[in-house]
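What follows is one structure encoded as structure tokens, with my remarks underneath.
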Amino acid sequence: MGFHTFDAGRAAQLEEAGKRYRYLSREELLAAIDPDPDDVLADLGSGTGFYTDDVAPHVDTVHAVDVQAEMHDYYREKGAPENVAFVTSDVADLPFETDALDGAFSTMTYHEFAGEAALETLARTIVGGGRLVVADWSADGAGEAGPPVAERYAPADATDALSANGFDVVRAEERPETFLIVAVRR
């Protein structure tokens, strides 16, 4: 289960707004993050920056975090806002100091990094009271889109993992194919 990474050779598909917003709209993501203008956030698995672009106008800085340098290259070529900083890293190895982030979000990438080390790193780098927003493909879904169902997490497993690693889940919604979790760092 988990650790599926999107093929960077298909990056252009990540820019198809109709398909992306079907599962998570810009408005829904911003409401879940509830950003302040001076926030420093991390987009975990930022890919082409599709959702990073939606969040960037509302915060001071967004760290676009991706394990694939090719995704950053695509995003740079597409054009990134000035307040986006590129970080090539696995979530388990984020190069941020303790309490460096006001929050973080993951859009359809939790299955790529979920694990004890990554969640411990997020608990260390997000300030107390900071939000972690996770929208991802559900193992309870039918598999009509996204990674194979066997590579996904069930919403209950994700909430349990977050709770066990320093986060209080304040919102958890299951949908036909995805889930949305808002957690606050203790």
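The values are calculated or read from the model by the stated rules, or taken from the named source; none is laboratory data. Being a predicted model, the structure only gives us computed values, none of them experimental. Cβ sites come from the backbone with ideal geometry, for glycine too, and all protein chains shown count toward neighbours. What goes into the accessible areas is simple: the full protein's heavy atoms, side chains included, and nothing from ligands, DNA or RNA. Shrake-Rupley method; radii C 1.70, N 1.55, O 1.52, S 1.80 Å.
Overview of results
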quantity: Whichever residue in the range 139-161 is in contact with a helix residue (DSSP H, G or I) (Cβ under 8 Å, 6 or more places away or on another chain) and assigned to a helix (DSSP H, G or I) and, among such residues, is least open to solvent (accessible area, probe 1.4 Å); calculated: Ala158
quantity: The range 122-138: number of residues that are farther than 11 Å from Phe179 by Cα, in a strand (DSSP E or B) and open to solvent by 10 Å² or more (accessible area, probe 1.4 Å); calculated: 4
quantity: Some residue of the range 46-56 being touching a residue at least 60 places away in the same chain (Cβ under 8 Å) and either assigned to a helix (DSSP H, G or I) or open to solvent by less than 30 Å² (accessible area, probe 1.4 Å) (or both); calculated: yes
quantity: Single condition Arg171 does not satisfy, out of (1) of a type in the set (D, E, K, R); (2) surrounded by 15 or more Cβ atoms within 10 Å (Cβ to Cβ); (3) out of contact with any Ser or Thr (no Cβ under 7 Å at 6 or more places or on another chain); calculated: (2)
quantity: Criterion: within 23 Å of Gly166 (Cβ to Cβ), among the charged types (D, E, K, R) and under 11 Å from the mean Cα position of the chain (by Cα) - qualifying residue of Asp93, Asp136, Asp99; calculated: Asp136
quantity: Matching residues, the range 79-113, being without any contact (Cβ under 8 Å) to a residue 40 or more places away in the chain and outside any loop (DSSP other than H, G, I, E, B); calculated: Val84, Ala85, Phe86, Thr88, Ala92, Asp93
quantity: Boolean, Ala164 is at pLDDT below 95, out of contact with any strand residue (DSSP E or B) (no Cβ under 7 Å at 6 or more places or on another chain) and either of a type in the set (Gly, Ala, Ser) or open to solvent by 50 Å² or more (accessible area, probe 1.4 Å) (or both); calculated: no
quantity: Residue in the range 57-73 that is hydroxyl-bearing (Ser, Thr, Tyr), surrounded by 14 or more Cβ atoms within 10 Å (Cβ to Cβ) and assigned to a helix (DSSP H, G or I) present; calculated: no
quantity: Number of the exception - Leu24 against (1) open to solvent by 10 Å² or more (accessible area, probe 1.4 Å); (2) under 15 Å from Asp136 (Cβ atoms); (3) in contact (Cβ under 8 Å) with a residue 24 or more places away in the chain; calculated: (1)
